[in-house]
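A.B. asks: Below: one structure in structure tokens.
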Amino acid sequence: MIPSIKNSIWLVALVIALLSCSQGPTLQTYYVDNELKPGFTSIDVPTSFLNIEETSLTEEQKEAYESVDKLNMLAFVVSDSNRTEYETEVAKVKTILKDPKYQELIRGGNSTDGHFVVKYLGEETNIDELVLFGDSNDKGFAIIRVLGDNMNINKIMKLSSVLENADLGEAEIGKFAEMFK
């Protein structure tokens, strides 16, 4: 006996639903789940808030800037009273970033000052998300997600020199960075 078309459609729908639910946690879900929790600070910054348009950019820097849509930043500042929670949260983020879909670009740091890693989703010439994660036992951790379309890692790296020289003090990103100084 051949199953009816109706049963086949239900079976396909069930398989699709199960496959889409079986994905582990992502940085997006981690961000959404924690952005309003005590101990966390979050900022969503559209690139227009960086005031880079007024800077003279090379053609590659301009292309890189235009490929970025926004920055999502999430930080957890550690204190004596929340050290256990800090360690739990760092472990969660590190577990998410171990997923093979996050390709490692660079890592560094040391046990005294802290560690950082830069990872991305997509291909080097077509990045959808660039992730910067840093942690320090005495300051806390931060995750910065650079979201865009068709970002190119080489061009983004050239844009970073413009950001280093930009005056971010008044911008929200400057306030975010001050937490870790």
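A.B. asks: Give me the residue from the stretch 55-90 that is assigned to a helix (DSSP H, G or I) and among the basic types (Lys, Arg) and, out of that set, modelled with the lowest pLDDT. Spell out how you get there, then give the answer.
C.D. replies: Initial filter on the stretch 55-90 (assigned to a helix (DSSP H, G or I)): 59-67, 80-90.
Next, only the ones that are among the basic types (Lys, Arg) stay: 62, 83.
Details: Lys62: 80, Arg83: 94.
The qualifying residue modelled with the lowest pLDDT is Lys62.
A.B. asks: If I filter the stretch 91-116 down to residues being of a type in the set (A, V, I, L, M, F, W, C) and modelled with pLDDT of 95 or more, which single residue comes out as farthest from Ile153 (Cα to Cα)? Working first, answer last.
C.D. replies: Taking the stretch 91-116 as the starting set, the residues that turn out to be of a type in the set (A, V, I, L, M, F, W, C) are 91, 93, 96-97, 105-106, 116.
Right, trim to modelled with pLDDT of 95 or more and you get 91, 93, 96-97.
Values: Ala91: 27, Val93: 22, Ile96: 21, Leu97: 18 Å.
In this case the residue turns out to be Ala91.
A.B. asks: Restrict the check to the stretch 52-75 and report whether at least one residue is more than 19 Å from Leu159 (Cα to Cα) and surrounded by 11 or more Cβ atoms within 10 Å (Cβ to Cβ). Outline the logic, then answer.
C.D. replies: Here is the first cut: in the stretch 52-75, the residues more than 19 Å from Leu159 (Cα to Cα) are 74-75.
Narrowing further to those that are surrounded by 11 or more Cβ atoms within 10 Å (Cβ to Cβ): 74-75.
Yes, the stretch 52-75 has at least one match.
A.B. asks: Between a first residue in the stretch 82-96 that is under 15 Å from Phe40 (Cβ atoms) and open to solvent by 80 Å² or more (accessible area, probe 1.4 Å) and a second residue that is of a type outside the set (Gly, Ala, Ser) and modelled with pLDDT of 95 or more, which pairs have beta carbons less than 8 Å apart while being 6 or more apart in sequence or on different chains?
C.D. replies: Lys92/Tyr30
A.B. asks: Just checking, which of Glu123, Glu129 is crowded, with 17+ Cβ neighbours inside 10 Å, at pLDDT below 95 and charged (D, E, K, R)? If you could, list the steps in order and put the result at the bottom.
C.D. replies: Values: Glu123 fails: crowded, with 17+ Cβ neighbours inside 10 Å.
On inspection, the qualifying residue turns out to be Glu129.
The values are calculated or read from the model by the stated rules, or taken from the named source; none is laboratory data. Just so it is clear, the structure is predicted and the values come from calculations on it, not from any experiment. Neighbour counts are summed over all protein chains in view; Cβ atoms, including those assigned to glycine, are modelled from backbone coordinates with ideal geometry. Surface accessibility is based on the protein's heavy atoms, side chains included, excluding ligands, DNA and RNA. Shrake-Rupley method; radii C 1.70, N 1.55, O 1.52, S 1.80 Å.
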